[in-house]
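Peer 1: This is the structure I want to talk about, given as structure tokens.
We did not get these values from a lab; they are worked out from the coordinates using the rules stated. Nothing here was measured: the structure is a model prediction, and the numbers come from that model.
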Amino acid sequence: MNINEIKKNYPDEWILLGNPVRAESGLEILSGIPLYHSPDKRKVCYLGKPLIAGYERTALFFNRITPRKNNRILLGTMSTHKC
């Protein structure tokens, strides 16, 4: 699934991806297989852990859609790590 579809389907949630495809820069995720998603990061890590067993690489990131109340800009984090 490409990253635009993933972001559209899971707004304001933590998303765990299997086998993410990254841009040449290595920073931007282009696509991946959504394994688990939730607004609660701990839930994604705890319940998603058994799902990562068959994947060589995973990525976890927060898909911020709704602006924060204090109007601060939040840069989304994308990191590859195992929960």
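Peer 1: Taking amide hydrogens as modeled 1.01 Å from N in the peptide plane, which residues meet the under 5 Å criterion relative to residue 36, leaving out close sequence neighbours?
Peer 2: 16
Peer 1: Shifting gears a bit: So what are the ³J(HN,Hα) numbers for the range 8-21, from phi and the Karplus equation (6.51, -1.76, 1.60; θ = phi - 60°), rounded to whole Hz, Gly and Pro as x?
Peer 2: Residue by residue, the range 8-21 yields 5, 7, 10, x, 6, 9, 7, 10, 9, 10, x, 6, x, 9 Hz.
Peer 1: Shape call for the range 3-79 from the C-alpha gyration tensor, a ≥ b ≥ c root eigenvalues: rounded (a/c under 1.5), prolate (a/b greater than b/c) or oblate?
Peer 2: Values: a/c = 2.08, a/b = 1.32, b/c = 1.58.
Verdict is oblate for the range 3-79.
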